Amino acid sequence: MANEEMDIIELEGDDGEQIRLCVERYFFYNGDEYVLLSDACDVPEGEQITHYVMKVQPLEGEGEEDMEEFVPVDDELMEQLVEVAEATFGDDA
């Protein structure tokens, strides 16, 4: 993660607490679009970064052009997608 500007999103965790995640990249897997997220924006340098994957759902409706929401995937699929993303993108992920 060189000094490049990343998109940061805030999501609500299971406990209701706000979580800040960095958007690492978008990718397709089996015809669906996913986003690779990480907690790198809040983890001190040198500490373990956790990756997450969510499915990208375009929002349809008036005035919501180019809007999307991120939908959680089940744990088994998330593990598979993180492995695919890390293998595909290597140190970039």
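Structure summary
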| item | result |
| --- | --- |
| E12 versus E60: modelled label distance in nm, points set 7 Å from Cα along the beta carbon direction | 2.6 |
| Nonlocal amide H pairs with M54, under 5 Å, H built at 1.01 Å | V35, L37 |
| At 1.306 mPa s and 10 °C, Stokes diffusion of region 1-50 via Kirkwood alpha-carbon radius, µm² per second | 130 |
| Mean Cβ count within 10 Å, highest first, over the residues of peptides 51-58, 71-78, 34-41 | 34-41, 51-58, 71-78 |
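Quick note: the coordinates plus some simple rules give every number you see, no bench work behind them. Small disclaimer: the values here were computed from a predicted structure and weren't measured. FYI the Cβ positions are ideal-geometry reconstructions off the backbone, even for glycines, and counts take in every protein chain you see.
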